1. Out of the residues in segment 82-119 meeting the condition of being farther than 22 Å from T223 by Cα and of a type in the set (G, A, S), tell me which one is modelled with the lowest pLDDT.
2. State whether the residues of segment 201-224 include one that is of a type in the set (A, V, I, L, M, F, W, C) and in contact (Cβ under 8 Å) with a residue 60 or more places away in the chain.
3. Out of the residues in segment 136-184 meeting the condition of being in a helix (DSSP H, G or I), aliphatic (A, V, I, L, M) and over 20 Å from A239 (Cβ atoms), tell me which one is nearest to the chain's Cα centre (by Cα).
4. Go through (1) at pLDDT 90 or above; (2) surrounded by 20 or more Cβ atoms within 10 Å (Cβ to Cβ); (3) under 19 Å from A100 (Cα atoms) for A189 and report which single condition fails.
5. Going residue by residue through segment 152-167, is there one that turns out to be buried (at least 18 other Cβ atoms within 10 Å of the Cβ) and at pLDDT below 90?
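The values are calculated or read from the model by the stated rules, or taken from the named source; none is laboratory data. A quick note: this is a predicted structure, and the numbers were derived from the prediction, not measured. Neighbour counts are summed over all protein chains in view; Cβ atoms, including those assigned to glycine, are modelled from backbone coordinates with ideal geometry.
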Amino acid sequence: MAAYGVVVLLYAHSIAAVAPSWPVGLPGTPFTECAAGAFLILCGASIIANKGARLASTLLGILLLLWIVLRSIPLVVADPSSPTFPAGNLCEASAICGGAFLVAASLPSGALGRMEAYPGIVAAWEGLILLGRFLLGLAMIYFGYAHVHSARYVATLVPSWIPWHLFWAYFCGAALLAAGAGIILKVKARWAATLSGVMIVLFGVLVNAPLAFAAVRDVNLWTSLFHTLSWSGGAFALAGTLKNGESPGQGTS
């Protein structure tokens, strides 16, 4: 998240193009671009330093959830077949949003501890955790389907030194479908989260990273890399909350 925040600050003009429309006549678009980048950097740094990390993760998840509701869903409804792939962008944002809530669930209470003494807040908190799990699993199912449906294109992304390109495209698709179903249905969910997290990290290292470093000025490639790493972090966080058969949120606060 911190690295993606830097990308947002460096390429703020691109964020303005995809953000929800700013009310006409009100200044502030440049401010919102910079504020979004600074917020992501602060959240990432807080999580890494474990200083107010649970609060930062929760706020990050809420911000991303607002983004999904105000921007991603309307774009899918308006033109689901658009060449800008609004459905893919929606599921990518959903995966990171869900991951943020799951990271929060895996951390000590910190600043949220006192608020969790109120039953209403506890119920809302548990609801966000369940939502995070569902969003992460649903995103995996979507991208699993996309891998299988567009296997020949995905095969072109596999590094040349790895054999059986088409096999790996179908394998990753099937693995994501199985992992997403396992996470949502709570069937071998810890294994599903752990193994999918490993696979997603490998995809980022072997596919996204070489492409980004080969075209360092391409903001889309760097965005894809940091999105992939954030997504894997959510999967690992979920796996961490499922020790000894616990549900997310139990024994982690």
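1. A111
2. Yes, segment 201-224 has at least one match.
3. Per the stated criteria, the residue is A146.
4. Here A189 meets the rest and fails (1).
5. Yes, that holds for at least one residue.
Here's the yes/no breakdown for (1) part of a helix (DSSP H, G or I); (2) of a type outside the set (S, T, Y); (3) closer than 19 Å to V154 by Cα:
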position: A193; (1), (2), (3): yes, yes, no
position: I200; (1), (2), (3): yes, yes, yes
position: V207; (1), (2), (3): yes, yes, yes
position: A212; (1), (2), (3): yes, yes, yes
position: T223; (1), (2), (3): yes, no, yes
position: H227; (1), (2), (3): yes, yes, yes
position: A235; (1), (2), (3): yes, yes, no
